[in-house]
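Just so it is clear, none of the values below were taken in a lab; they were calculated from the coordinates. Computed from a predicted structure; not experimentally measured. So basically every Cβ, Gly included, is an ideal-geometry build from the backbone, and we count neighbours across all protein chains shown.
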Amino acid sequence: MKKLRTNPKTAIFVGIASTVILAVIFGVVLSIYFVAKSSVGTQLQWANGSKEYFDSAYQIAAADKDTPDKTLSIPNLADCFGQDQQKVLEILGNEAYVVSSNTVNNNTEVVINFKNESASEDSVAPICNATFNKSGKLTKCSFTCNTSALGYGALSFTDIINNAHVVENALAEAGVSVAVGSVVVPADRSSYTTYESDGVTTVSEKYNFTGSAKANSRSCKWQALVNFDYSKANAKGNLAKTIRTIQITLES
């Protein structure tokens, strides 16, 4: 039987090809490792008080990377002015019902929930607080919900206000027209940021914007409280656990 001989050039080619393939595989594995390490590193350092780390951490919050579907609309609170309790519940819709009612200084303060809405570990249930005068007519009303329910993803506090215009859009749904771009985050970060006792770990970013406008031809005062609560995010070391809410309040 004739003995087969291996072509030296073929052997060299196979050796080189194998080396290249192994190098590529090693490079991919190494790349994945460093990306993961960088991601985790950013997650762990996002609360260290550095604005750069803080904002860039939003880019890798895996659970909220995509823009969520809008599942909730803020009721037209302006339509509630001057209405009695039953009519207010009808305007709020979504099977609104009274949770509690207390009389304070001749006014009746009512807490309203919604049967189709509930809280989760990383969110709060929508809630409405209404104030009725001694004649039983509404004079003040507020609505609180998660920004994610309104269709906003894992944007930074500055971005969701300055660029996504969450306040102006929420007020529009509530029945108040405010010029888009007129609501901006204060330049001084200390005016809306709270830190833990170490002075660097961010506990919350919160600011209450105020103004006045016309609502159904009626002059009213408005407030928009945007609150990013990082308590659970700090405890879990995961920015996706941030609870982001907005509360719109109208008062005649």
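Whole-Hz Karplus values for the stretch 165-182 come out as 6, 4, 5, 4, 5, 5, 5, 4, 5, 7, x, 10, 9, 10, 4, 5, x, 7 Hz, taken residue by residue from phi with 6.51 cos²θ - 1.76 cosθ + 1.60 and θ = phi - 60°; glycine and proline positions read x.
Annotation: amide H of residue 185 within the under-5 Å range of 162, sequence separation 5 or more or interchain, hydrogens built in the peptide plane. Taking the square roots of five times each eigenvalue of the Cα gyration tensor of the stretch 126-252, the equivalent ellipsoid has semi-axes of 28, 16, 14 Å, listed largest first.
In order along the stretch 195-200, the Karplus-derived 3J(HN,Hα) couplings, from 6.51 cos²θ - 1.76 cosθ + 1.60 at θ = phi - 60°, round to 10, 6, 4, 6, x, 10 Hz, and Gly and Pro are given as x.
How much net charge surrounds residue 246 when only the other residues with a Cβ under 13 Å from the Cβ of residue 246 are counted, with Lys and Arg +1 and Asp and Glu -1?
So the environment of residue 246 carries a net charge of -2.
Taking the charge dipole of the stretch 65-251 about its Cα centre, with +1 at Lys and Arg Cβ atoms and -1 at Asp and Glu Cβ atoms, the residue from 103, 210, 76 reaching farthest to the positive side is 103. Computed from the C-beta positions of residue 235 and residue 162 and an R0 of 41 Å, the FRET efficiency is 0.90 to the nearest 0.05. Across the stretch 141-157, computed HN-Hα scalar couplings (Karplus, 6.51 cos²θ - 1.76 cosθ + 1.60, θ = phi - 60°) run 8, 9, 9, 10, 7, 6, 5, 5, 5, 8, x, 9, x, 7, 7, 6, 4 Hz from first to last residue, x flagging Gly and Pro. Among the listed pairs 221/241; 115/232; 140/241; 70/236, give every one whose C-alpha distance is greater than 29 Å. Flagged as over cut-off: 221/241; 140/241.
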